[in-house]
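First comes the structure, then the notes that go with it.
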Amino acid sequence: MLALGGLAAVPCAAATYFGTLVSEVLFEPPLSAQWRQGHRALVDVSAGDSLDASSLGRSIQALFRTGRYSDIQVDATSTGEGVRLVFRTTPAWFVGNVRVEGVGRPPSAGQLVNATKLRLGEPFSEQALGEAENSVLSLLSEYGFREAGIMPILEHDVPNQQVHVTLAVRTGPRARIGALFVSGNRPILGEAEIRPIAGWKRGAPFRRDRLQRGITRLRQHFEAMGHWAATIRAQAAEYRPAANEVTLVARIEPGPRTFVRLEGARISQRRLHNRLSAIFRGSIDADLLEAGKASLLEHFQSRGYVEAGVSYEVATAASGDVTVLYRVDRGASRKLREVRVQGNRSFDLGTIRERMRLGAGGGGGRRFTSSTLEADLAAIRSLYRSNGFRDARVSGSVVLRPGGGGFDVGIDIDEGSPTLVASLETSGMAEFPADERRFQFAAAAGQPFSEASIATDRQRILWEFFDAGYQDVRFGWRAEPSGSPRRVALLYDVSHGRPLRTGRVALSGASRTRPDVLARNIELREGEPLSQAAMFATQRNLYDLGSFSKVDVALQNPDGAETDRTVLIQVEEARRWAFGFGGGAEIGQIGRNTAELTNPAGEAGFSPRMTVEVTRLNMLGKAHTLSFNTRLSLLQQRGLFTYQAPRWFDSDRWQLAITGLYDTFRNVNTFAGRRVEGALQLSQNLSRTTTVLYRYAYRRTSVDEQTLHIEPLLVPLVSQPVRVGSLSSTYISDRRDNPTDTAAGMYSTLNIALASKLVGSQPSFARVIAQNSTYHQLRPRLVFARSLQLGVAVPWGRYVTGGDQSPGFARRPDPRVPLAERYFGGGANSHRGFAYNQAGPRDAATGFPLGGGAQLLNSVELRFPLGGVDLSGVVFHDAGNVFSRPSRISLRSAQFVRPTATGTEYDFDYLVHAMGFGVRYRTPIGPVRLDLAYTPNPPRFLGFDGTRQQLLVGAGTFREQRSSSFQFHFSLGQTF
Amino acid sequence: MLPAVMGAALLALGTWSSVPVRGEIIDRIAAIVGSEAITLSDVRDEQRVQAFLNGAELAATADGGMDVLRMLVNRRLVHLDLAMTPFLVAEDSDVSELMRELREHAFIGGKDFAGALAHYGLAEEVLLQHLRDQISFERYVAFRFKTGQQVGRAEIEEHYRDVYGPRQATLGLPAERIDAVAADIEEDLLEAKATELLELRLKELRLLHRIEILGLGIGGGP
């Protein structure tokens, strides 16, 4: 008989105290206010009791199980009134913030902290600290720091029983790659060949990732030589401190060469390698040969060879080289004509088809393979079973059409009868303080018996319990015969422990953030149920402030038996200053303002751009952000201050932004100007997809008289600085699947702005811009997109900023709308039939754009794949223009030109069409695009050949000009 | 000056008097295994149970206390391992059967069961728990380390030649024929293998779980 232990006996002098009267029970150190009541109640000994050994043992166990003590001793002293007991406790410590300092990347700080395995809130011990140090040293060693040393610095946070751990690392120099020894049964390559292939140059810094990359490169090299089953291992074998070098040992077993040949069909070597190398990597056996056969079958089936057959032979040469010969009988190439589904009564065809890949939109739907069919059958089975049709049978077949005319896939469904829920009962939920509305179960009497519904209910129940502080919740269910055929009685059985409450909430790591800001974002309240939802929400709120690079929320003492749990919130404040630099260029007909009047339609140009951004995070400790952004280019020099307050009014729905802008611009070639603006904007997130902006802006815009390319008589008036104050509101509904490269969804905006004396404006006008764009995925990667944009500016009052008011044939923009406040259009992100800001009315004397009081733009695009995953094409049609006034919006496509007594009058209020094509190349920051547009009806206008001086003195010549019919645009992101 | 000195003295006296004077330790945490504590009371109870079952008198010294503590640590480790195979844990009926047998047993000094319990200062619940642990442990060993174990004929012969024969000679007893003692040898060998495997498993468990021996005496010493 095995036994744990042997005999010994230790009675003790303490026995003399047992059975005597307890006069007093004390704690040393005294219990803190936080634990006084709870921990005192765990002690099963009170004054007046007869001292009992088992009660004392139970008390120690109960106190220890709280996890708050690492040691408990009870001592006894005889007093005149009995025995005085003192519980002498040693507090337990828990892991607080963990940092590893002094290591240059790699490894990263995150890798190092993870390596410590010290988790926030878990018990801290010297043993755990020692293991953490060893793990960090081991990781550092893998990254070449072979002489690293660690000095742990412990900071004890006594009130919260936390230990903040800082491992101060002295890394020493990173070791270099030294000698390389190559071993293996049949070495093909020596050290000299392997080093350059693997990138293990002598003297290169030794790092784990370099070692792994080298192994991968070697494997690829050997595969390319036909050694598909090569095994390659490499490790750092020895460190030589004197030379600070690591010796590498690579063991290479090339194995036999594998030659794969195909008979009966052709397939490119690259494709063959891609299909089979992953299968044959490591070894070749009967199963893998079958897998290769299946892979080839899939290849040919997907190309229409639905009757294809593949067999194989293997020949091994004396050298050990293996030749695998796959014989392919492709049969005739056929097209998948139809996917027929029959036998479905309870689900319509649409519901079934949306779960299938065969016959779906896009090229993939016409590609038949056996595995695709099997996947579709499984998806249909799953649909039926999850809706109570437990006996449903789904089968598929391929039916060849006679005469080589393609083939059909038939899917036969035998639904069987559904099993319904006769009744639903619950147990274990009586204690839960739920109002019944919370539990609108997906499973219900009379509904199909579905495991999917049960899974939904399970998730809902668990979530509600977790939210109410129950941590150890288990959900089980049973379905029993109800007595009626195909009816089951369903029982949900929930078991759970006691609910936990939030005890102390201990926050650490924040030194600059104001406590009230933190407190407002913590959704855990002392005494309330310990809700996991509140823990997640707290973490999210704090991250959303943008002031912290890391936020951890954890329970302290997770395995302790406490009801009131201390929640630890550990934050790491982000750096307060952030700097960003960027560069770029605009290429195209960018219409930059120059001294010449000769080219009012703009000319191809190049404008380099530089951006600098400085951001100060967590201003005044309030988690607000102040940023300064500059943009310097030939078209624009801009400085923008922004002060942002997220979670305005303590709500994650409101944000405040105050901006100050100084902008000199020459992006319209008619004029150059300067704008100074201050604005206050409130954003309100109504839902995940809907946002409303409320904005007040006050700006002073001045136009440089020397740059105005308009009729000289109007220059003094137009060049007057104008102050515009406006109140505006913008409604944004964004239901796009991907804002940078949308495939499906809708995007709508409505902006209404009012400039009036009441808000400090000199001119009075209202401006409305509405946009609606929709995106329809016709097939995978085939997207039809359309967008309609309409804008009007309606002035009133007498303030006139320039421009004539002639009621003639060709109306000019209303002079009550200042030049810089008008609509300008045309360019890569607007009407692609125009160069940048070249749409709309033009000056009668110079032909330069004047802007307008309205704009209409309708765009449609068909976006399609061009080859490869990243390359796509687009054909588009843009129709629209900038119109002189809202009342002049017209769908007419012809431009009216009328001779007058003084010359020729040109009308610009007509619809300009542009059609064209473009290519898009997907990048991580959005698609890069090039568009070429052709305009059949570009505007004609009267231009002037000469300089401003010549215009003033009546020299130079007037000449009818026409915008180019061809425009090209190079830009980033889709047009809309 | 005098009032200040007196004030300081009174303050010191007050502070001193509020700190409980250290008395004799009568119970404490002796070891920690995982998140469970083993107390000095547990060690004493185990010693009483062992003495009760062996019919031995309780010794009056602390000798052997650490052995019992180490044994209790191992038992806790086995308990933690048993969590993965809860069906091995003894049920009430199993323990009752063993208790019934014990009750019929004659104890030290001819005492009856209750008298013997009183003699050793042992509570019946403590004994019940000990028996439950013992049964669970035996099942654990049988299930984990004996199931599927086999002893070959060669091992039996080797044991007969190298261990059994010399032992009988040393004892001056005649050696039986191998076939007569093969079953006993096989059982001994199985037991030895199980013990070896148990030791290996305990080593693994010691690495898996936190173990701290705080000691049986004052100030953490053994």
So, in the stretch A:27-77, exactly how many residues are farther than 28 Å from A:L555 by Cα, assigned to a loop (DSSP other than H, G, I, E, B) and in contact with an Asp or Glu (Cβ under 6 Å, 6 or more places away or on another chain)?
1
Please work out which residue is modelled with the lowest pLDDT, limiting yourself to the stretch A:792-848 and to residues that are of a type in the set (F, W, Y) and outside any loop (DSSP other than H, G, I, E, B).
A:W796
From A:Q111, A:Q127, which residue is farther than 30 Å from B:G121 by Cβ and within 14 Å of chain B (Cβ to nearest Cβ)?
A:Q127
With B:V43, B:V68 as the choices, which residue is touching a strand residue (DSSP E or B) at 6+ places or on another chain (Cβ under 9 Å), within 14 Å of chain A (Cβ to nearest Cβ) and crowded, with 21+ Cβ neighbours inside 10 Å?
B:V43
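Results for (1) hydrophobic (A, V, I, L, M, F, W, C); (2) in a loop (DSSP other than H, G, I, E, B), shown as yes or no for each residue.
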| site | (1), (2) |
| --- | --- |
| A:R84 | no, no |
| A:V95 | yes, no |
| A:V100 | yes, no |
| A:P107 | no, yes |
| A:L112 | yes, no |
| A:F145 | yes, yes |
| A:T166 | no, no |
Could you say which residue among A:L189, A:L218, A:L167 is crowded, with 18+ Cβ neighbours inside 10 Å and modelled with pLDDT of 95 or more?
A:L167
List the strands (runs of 3 or more DSSP E) that sit entirely inside the stretch A:888-976 and contain at least 2 residues that are surrounded by 13 or more Cβ atoms within 10 Å (Cβ to Cβ), in contact (Cβ under 8 Å) with a residue 40 or more places away in the chain and of a type outside the set (K, R).
A:904-906, A:912-921, A:928-934, A:940-945, A:957-962, A:966-972
Exactly one condition in (1) within 16 Å of B:I25 (Cα to Cα); (2) in contact (Cβ under 8 Å) with a residue 12 or more places away in the chain; (3) not basic (K, R) is false for A:S55; which is it?
(2)
Among the numbered criteria (1) within 14 Å of chain A (Cβ to nearest Cβ); (2) assigned to a helix (DSSP H, G or I); (3) in contact (Cβ under 8 Å) with a residue 24 or more places away in the chain, which one does B:D94 miss?
(1)
Please verify whether the stretch A:951-961 includes one or more residues that are on the phi > 0 side of the Ramachandran plot and of a type in the set (G, A, S).
yes
Looking at A:P780, is it surrounded by fewer than 16 Cβ atoms within 10 Å (Cβ to Cβ) and closer than 30 Å to A:G926 by Cα?
yes
Give the stretch A:746-791 a look and list any residue that's of a type in the set (G, A, S), in a strand (DSSP E or B) and closer than 18 Å to A:V724 by Cα, or say none.
A:A753, A:A755, A:S764, A:A766
Being modelled with pLDDT of 85 or more, in contact with an Asp or Glu (Cβ under 8 Å, 6 or more places away or on another chain) and either more than 24 Å from A:S333 (Cα to Cα) or not in a loop (DSSP other than H, G, I, E, B) (or both), is that true of even one residue in the stretch A:260-280?
no
Answer yes or no: is there a residue in the stretch A:38-52 that is under 21 Å from A:P159 (Cα atoms) and within 13 Å of chain B (Cβ to nearest Cβ).
no
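The values are calculated or read from the model by the stated rules, or taken from the named source; none is laboratory data. Predicted model, so just to flag it, every value in this text is computed and none were measured. Using ideal geometry, Cβ is built from the backbone for each residue, glycine included, and neighbour counts are taken over all protein chains shown.
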